[in-house]
Amino acid sequence: NGNGRTDIALVRQAPGWGSIPVAFSNGDGSFNVTNAGISNFIDKWAPTGGVKVITGNFNCDGRTDIALVRQAPGWGSIPVAFSNGDGSFNVTNAGISNFIDKWAPAGGVKVITGDFGVRSLQYICDQRDQQKRVQNCQS
C-alpha cells in the first residue's frame with residue numbers, strides 16, 4: 001500500500017481460488033487482511049504448469065505488483081497484477097515476443113527482477129547460466 005511496511009500476499013498456484021488475500025502490516029505485529037477477487041490471474045493463469053510468481057514495482061508507483069512468468073512453452077505474455085494499494089489489483093496481460101515463448105522456457109534459465117534500465121522502473125529478465133548473457137524487456 002506504499003506506506004513503507006512489508007505486507008504479505010498469498011498467490012495460490014492450484015485451482016480453487018479467485019482472489020489474492022493480502023495482509024497489510026500495521027507495524028506492530030498485527031495485520032489488516034483483505035481478500036479481493038481477481039479474475040483470470042489466480043483461477044486460470046497462476047495454477048498453470050511452469051509459472052513462477054515474481055514481485056516488483058513494475059509501474060513505479062511505490063507499491064509491490066505481482067507478475068507471472070511461465071517457464072514452459074505455450075505463453076507469449078506476462079500477466080501482471082498491479083496493486084491499487086487497498087488489496088485490489090488491476091490486471092494486464094500484454095504480449096511480449098521471444099521473451100516468454102522462446103527464452104524463458106529454455107533450460108538453465110532463472111527468472112530474476114531488478115532495475116536494469118536508466119528509467120528506474122522494475123524490469124524482468126531471464127539469464128542463461130551456460131551462455132552468461134542477459135536478455136531483458138522493459139516493463
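Derivation of every value follows stated rules applied to the coordinates shown; laboratory data play no part. Bear in mind that the values here come from a model prediction, so they are computed numbers and not experimental data. Using ideal geometry, Cβ is built from the backbone for each residue, glycine included, and neighbour counts are taken over all protein chains shown.
Each part gets one Cα centre, and for the stretch 54-80 versus the stretch 1-52 those centres are 14 Å apart.
Tell me, in nm to one decimal, what length is gained between LYS110 and THR92 on full extension, where the rule is 0.36 nm per residue of separation less the Cα-Cα distance? Can you show the working numbers first?
Working: separation 18, 0.36 × 18 = 6.48 nm, distance 2.28 nm.
Gain in length upon complete extension: 4.2 nm.
Each residue, ASN84 and ARG12, gets one label point 7 Å from its Cα in the Cβ direction; the gap between the two is 2.1 nm.
Each principal axis of the Cα cloud of the stretch 1-122 was taken in turn, and the coordinate range along them, longest first, works out to 44, 40, 23 Å.
Applying the Karplus relation 6.51 cos²θ - 1.76 cosθ + 1.60 with θ = phi - 60° to the stretch 53-64 yields 3J(HN,Hα) values of 8, 10, 10, x, 9, 6, 10, 6, 9, x, 10, 7 Hz, where x marks Gly and Pro.
Net length available on complete extension from ASN26 to VAL53 is 7.2 nm, with 0.36 nm assigned per residue and the Cα-Cα distance removed.
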